[in-house]
1. Of the conditions (1) within 10 Å of another protein chain (Cβ to nearest Cβ); (2) out of contact with any helix residue (DSSP H, G or I) (no Cβ under 6 Å at 6 or more places or on another chain), A:G31 fails just one. Which one is it?
2. Return the total of residues in the range B:70-91 being among the hydrophobic types (A, V, I, L, M, F, W, C) and out of contact with any helix residue (DSSP H, G or I) (no Cβ under 9 Å at 6 or more places or on another chain).
3. Filter the range B:190-199 down to the residues that are assigned to a helix (DSSP H, G or I) and touching a residue at least 40 places away in the same chain (Cβ under 8 Å) and list them by number.
4. Among B:T194, B:T171, B:T185, B:T178, which is within 11 Å of chain A (Cβ to nearest Cβ), among the polar types (S, T, N, Q) and farther than 30 Å from A:P71 by Cα?
5. B:G130 is checked against (1) without any contact (Cβ under 8 Å) to a residue 12 or more places away in the chain; (2) surrounded by 24 or more Cβ atoms within 10 Å (Cβ to Cβ) and fails just one. What number does that condition carry?
6. Of the numbered conditions (1) surrounded by 19 or more Cβ atoms within 10 Å (Cβ to Cβ); (2) within 12 Å of chain A (Cβ to nearest Cβ), B:P161 fails exactly one; give the number of that condition.
7. What are the residues in the range B:147-187 that are of a type in the set (S, T, Y) and touching a residue at least 60 places away in the same chain (Cβ under 8 Å), if any?
8. Regarding B:A374, is this residue under 23 Å from B:I246 (Cα atoms) and at pLDDT below 90?
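The values are calculated or read from the model by the stated rules, or taken from the named source; none is laboratory data. The shown structure was predicted, so the numbers you read here are calculated from the model rather than taken from an experiment. In this analysis, Cβ positions are derived from the backbone assuming ideal geometry, glycine residues included, and neighbour counts consider all displayed protein chains.
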Amino acid sequence: METVLAIAVGILFATSAYLMMGVSMIRVVIGIGLLGNAANLLIFTAGRVTRAIPPIVPEGADMPGLVFANPLPQALILTAIVISFALFAFILVLVYRAYEELGTDISHEMRLAEPPHDTASNHRGSRL
Amino acid sequence: MIQTLVTTADWLIVLPVIVPLLCAAFGVIAWHRPVIQAVAGIAGLIALVAITFMLLLQVLSYGPQAMAMGNWLPPYGVSFTADLLSAIFAFTASIVGLLVGIYAFADISSSERRHGFYPLLLFLMTGVLGAFLTGDVFNLYVWFEVMLIASFGLIVLGGEPRQIDGAVKYTILNLIATTLFLIATGLLYGAVGTLNIADLYFKIAELQDLSVLSPIAVLYLIALGMKAAAFPLFFWLPASYHTPKIVVSALFAALLTKVGIYALVRIFLLVLPDNQGMTHDLLIWVAMATMVTGAIGALSQNDLRRILNFLVITSIGVMLFGLALNSDGALAALVFYAVHSMLVMALLYMLAGIIGQKSGSFELAELGGLYRAAPLLAGLFLIALFAVAGLPPFTGFWAKFMMLKAGLAEQAYGGISVLLFTSFLNLIVIGRIFAQIFWRGGSAEDPDGAETLSPVTLAPARQRILIIPCAVLTALVILISVMPSPLVSLSAGAEAMLFDPSGYINAVFGGGA
């Protein structure tokens, strides 16, 4: 079972990497979403997939029983989901705002921060 | 089981996270009163300096401190652990935070303050200090994210198109970096079964097959290399650090990359105990390439802030060299260099901000004639430039000297020659900056200054608010420069605790809460 999950995680990572290397910002953002999902599935697989009962202590007992699911990967994944969801919301708004301000969705046309041909040899008056 | 009330001394390890969080939350509640936000912000930052100073004193007197959260004893619970490395970094970060917070009063316009600058600054300090003080790898990821989200808010404060452009690149690349960190942490958990840093020392020592750690180590190197701006993963830094307000740039340059270096030191000293071969060589090459690209990049820029961006990258390269050497004296040099870099980079950006406000521009060709107009500023800037280039007697010299000594002991001649060569290139850079901004009479088209408009004189109160934090930082730099031995012995103590983690482990397991 873990092999199948590992292959699925690999496919997700490959897809997200391909999207993130794209030219359009929207593709990059979708790639980031897929990357988060792949990471969560990876943590799930790393926590060992077992047939087990939920890690809840029944009433009147001290321990949850003999074979219970490991709660730690579940906690890690939940935290990761919450964090990536908040960051994803921010990135969506940022990319939309960038599209409005800069007028373009293509990453190599966004050159306001580092304008092209801005080298010392081209710049006027650089004698030092 | 905790049976008695927790004493103040025990609270000291979590207060650096609680205090800025509460002040930031208070600032958010008072959203429509920017004055209350600013007051809560500055009060929180002052309290933070006092708290981290007391924490440093406590770690020096009693050894590493630990606190387990929620009554879950380690290794099952999350613990906050402060050894000397964490305490030194936390204290320096608080000082920088406070001075930047005071400077921001005159640099951030009131409309931007209304959009929550001080709460965002305090959230950023929460993330930074949490990252320095935590003892759990996944908790480190969480604090990285807190710091990251706060930095996203700070980088777009102001909303100009250039800021949005820089913010897009910064956001996307840093998000990928932290997701890689999460992936490496997940794999580490799958391989070892624990995420508590003190417990990882034991579990990795017991691991039969160390080869499973190699891909995890390289993943951590990539993820934290992106955070710490190592070659070839640093391109988000020159693309974005010069776009936000200068006070935000000062904060980022001083703090964010150093958190990446701190995480690299922590993780590499435990995840790679015997895996030195591949990643050791890789780290040396990465360090050398980072130093060289930083120095050459600084030479090629014409905008003062973009030059400073590349100087940040060069200092990261030097620190990575110390980490790659991983020997007696190298880690002490790294700690000293990190403290020096935090103080001096914040100082440089803040002074650059004053230059920008007085002259209306950051382009070297348009600046000039400031020596006549602002001699005090010229003096402070000269000290800061000497410190960053590594000229004696300033802090950069001591830091680079310690690094060179460690490199010679390890016979890393390639790294040493690169370090000296890039220091020479940095010397050319600072000469260029100082000559063009201060000694030249006017702008590049008018070198005698006959026709250029004289620099703006700011209102005296505003000028005082801007220059006092810079003067305090310069005084600190001069103090450390003429009396480096306290910081040198602190760095040596931090290095000793890193190489012999028994104090750290006993604090987590022996004491418990």
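1. (2)
2. So the count comes out to 1.
3. Listed by number, the residues that qualify are B:I197, B:A198, B:D199.
4. On inspection, the qualifying residue turns out to be B:T171.
5. Here B:G130 meets the rest and fails (1).
6. Against the list (1) surrounded by 19 or more Cβ atoms within 10 Å (Cβ to Cβ); (2) within 12 Å of chain A (Cβ to nearest Cβ), B:P161 comes up short only on (1).
7. Residues of the range B:147-187 of a type in the set (S, T, Y): B:151, B:170-171, B:178-179, B:185.
The answer is B:S151, B:Y170.
8. On the way: under 23 Å from B:I246 (Cα atoms): yes; at pLDDT below 90: yes.
Answer is yes for this residue.
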